[in-house]
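Below is one structure, written out as structure tokens; comments come after it.
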Amino acid sequence: MLRIEKTIQNAFNRAYKKFPHRIKKPNVLVMGKVQFIEYLNNSPLTINPDTTPAVIAHLPERDTIIFCPETIEDMKQFAGIKRLCDFIEALTLHELYHEWNRHRIESKLQALESEMQVDIEMQNDFPKLYRLLENVTKKLINKGRGIKNKKGAK
């Protein structure tokens, strides 16, 4: 196992133990950038792979959090993240809240509503890790973080 993959798995396990709601433990999948981009391209939303380091996939057998180590490393460098494990833990908690909330996302508006709900929950339960994600987001905003509708999506 590569170092970043081990860091991802360890941070995921810590975050899952801290998560305040009971949910079935998702699988963890570490996916290279090319495969991650292909996966995101099959989404009804256009998600920028340069600013999306992880997503929750609601799969029939078990939900899975998919991490892209290249994006995580790029964001770490760009945003000056000092503790990679804290960043990955924050990402994991963010995705676990999406799992807990189980919103059906088919449009930009629904995606934004889901993100807002997760932000509120993280801010209440994990303020330090919420601020870490917020700081990274602010630094990336000029780079172009975005969720757009693909043609045909509502």
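The values are calculated or read from the model by the stated rules, or taken from the named source; none is laboratory data. As the structure is a prediction and not an experimental result, all values here were calculated from the model. Virtual Cβ from ideal backbone geometry, glycine too; neighbours counted across all protein chains shown.
Based on what the data block shows, is Lys128 surrounded by fewer than 16 Cβ atoms within 10 Å (Cβ to Cβ), free of Cβ contacts under 8 Å to residues at least 60 places away in the same chain and within 16 Å of Arg14 (Cα to Cα)? It would help to see each step written out before you state the result.
On the way: surrounded by fewer than 16 Cβ atoms within 10 Å (Cβ to Cβ): yes; free of Cβ contacts under 8 Å to residues at least 60 places away in the same chain: yes; within 16 Å of Arg14 (Cα to Cα): yes.
Answer is yes for this residue.
Taking region 53-73, which residues are more than 16 Å from Leu2 (Cβ to Cβ) and either in contact with a Lys or Arg (Cβ under 7 Å, 6 or more places away or on another chain) or among the charged types (D, E, K, R) (or both)?
Glu61, Arg62, Asp63
Condition check ((1) of a type in the set (A, V, I, L, M, F, W, C); (2) in contact with a strand residue (DSSP E or B) (Cβ under 8 Å, 6 or more places away or on another chain); (3) modelled with pLDDT under 95) across all residues:
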position: Lys25; (1), (2), (3): no, no, no
position: Val30; (1), (2), (3): yes, yes, no
position: Asn41; (1), (2), (3): no, no, yes
position: Leu45; (1), (2), (3): yes, yes, yes
position: Ala57; (1), (2), (3): yes, yes, yes
position: Pro60; (1), (2), (3): no, no, yes
position: Gln77; (1), (2), (3): no, no, yes
position: Leu84; (1), (2), (3): yes, no, yes
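May I ask you to list the residues in region 120-137 that are of a type outside the set (Phe, Trp, Tyr), within 10 Å of His94 (Cα to Cα) and modelled with pLDDT of 95 or more? Give the derivation first.
Step one: list which residues in region 120-137 are of a type outside the set (Phe, Trp, Tyr), which gives 120-125, 127-129, 131-137.
Checking the rest, the ones that are also within 10 Å of His94 (Cα to Cα) come to 121-122, 129, 133.
Within region 120-137, Glu121, Met122, Leu129 qualify.
Regarding region 76-87, can at least one residue be identified that is touching a residue at least 24 places away in the same chain (Cβ under 8 Å) and under 21 Å from Leu45 (Cβ atoms)?
Scanning region 76-87 turns up no residue that is touching a residue at least 24 places away in the same chain (Cβ under 8 Å) and under 21 Å from Leu45 (Cβ atoms).
Go through region 1-118 and tell me which strands (runs of 3 or more DSSP E), entirely inside it, have 2 or more residues that are under 13 Å from the mean Cα position of the chain (by Cα) and surrounded by 14 or more Cβ atoms within 10 Å (Cβ to Cβ). Walk me through how you get there before you give the answer.
Working: elements: 27-30, 45-47, 54-57, 64-67.
Qualifying strands (runs of 3 or more DSSP E): 27-30, 54-57, 64-67.
For region 16-64, what are the residues that are touching a residue at least 24 places away in the same chain (Cβ under 8 Å) and of a type in the set (Lys, Arg)?
Within region 16-64, Lys18, Lys24, Lys33, Arg62 meet the criteria.
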